[in-house]
Amino acid sequence: MGVCKLDGYDIAQICLNGHLISRFAGSSPERRANACPECGAKTILQCQECNALIRGNYHVDFVIGVSSNFVIPKHCHNCGAPYPWTRRSIEAMKKLLEEEDALDEESKGKALEAIPDLIANTPSTPLAEARWKKVLSKVTKSAGEGLRTILIEVATEAVKKSLGLGQP
């Protein structure tokens, strides 16, 4: 596998928990690893739904440069499916909400329904933000900390700003 010539992107390798192994896995295969050095999880180079390669560093012909602004994608650029790390974050948020006794079932249901709109900019994102502001004000400290940590990882920048979530 070489650089993705079709669209100018190299290939990224990411572990199932969302840790970046390499954004140059196509052009520099020596940077690849079968397991994540941070958590030990298996690593992937392609979407597990449609097999499209995960976009890595964008190559510009005749330009040599090093940029560290690579953002680990949440969804496949080809089929739109959430990557495993996104699915795992969503599942963790759901489990934390289910465990939370400080919320009634209706509030939990609304919060669960709003999760996809926190990780992608959609017309329903403002509603999702409003629902999650309520949730975060009502949950216990431990649940709130866990939910905030996950949101910092998966929420869009606009959602993080709206919810007052600083970087860890």
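The helices (runs of 4 or more DSSP H) found entirely in the range 52-168 that carry 3 or more residues being among the small types (Gly, Ala, Ser) are 105-114, 125-138, 141-154.
Hey, can you tell me all the residues within the range 147-168 that are open to solvent by less than 20 Å² (accessible area, probe 1.4 Å) and among the β-branched types (Val, Ile, Thr)? Hits for the range 147-168 are VAL154, THR156, VAL159. Just for the range 20-36: of the residues that are modelled with pLDDT of 95 or more, open to solvent by 40 Å² or more (accessible area, probe 1.4 Å) and in a loop (DSSP other than H, G, I, E, B), which one is nearest to ASN57 (Cα to Cα)? Once the filter is applied, the top-ranked residue is ARG32.
Applying a threshold of 8 Å to beta carbon distances and a minimum spacing of six or more residues, or different chains, the list of pairs starting in the range 127-139 at a residue that is over 18 Å from GLU105 (Cβ atoms) and touching a residue at least 12 places away in the same chain (Cβ under 8 Å) and ending at one that is part of a helix (DSSP H, G or I) and polar (S, T, N, Q) reads GLU129/SER162; LYS133/SER162. For the range 119-141, the criterion of a residue being exposed (fewer than 13 other Cβ atoms within 10 Å of the Cβ) and at positive phi is satisfied by no position. Of the numbered criteria (1) over 18 Å from VAL154 (Cβ atoms); (2) open to solvent by less than 50 Å² (accessible area, probe 1.4 Å); (3) within 16 Å of the chain's Cα centre (by Cα), the one GLN46 fails is (2).
The values are calculated or read from the model by the stated rules, or taken from the named source; none is laboratory data. The shown structure was predicted, so the numbers you read here are calculated from the model rather than taken from an experiment. Neighbour counts are summed over all protein chains in view; Cβ atoms, including those assigned to glycine, are modelled from backbone coordinates with ideal geometry. Note: areas computed on protein heavy atoms with side chains; ligands, DNA, RNA excluded. Shrake-Rupley method; radii C 1.70, N 1.55, O 1.52, S 1.80 Å.
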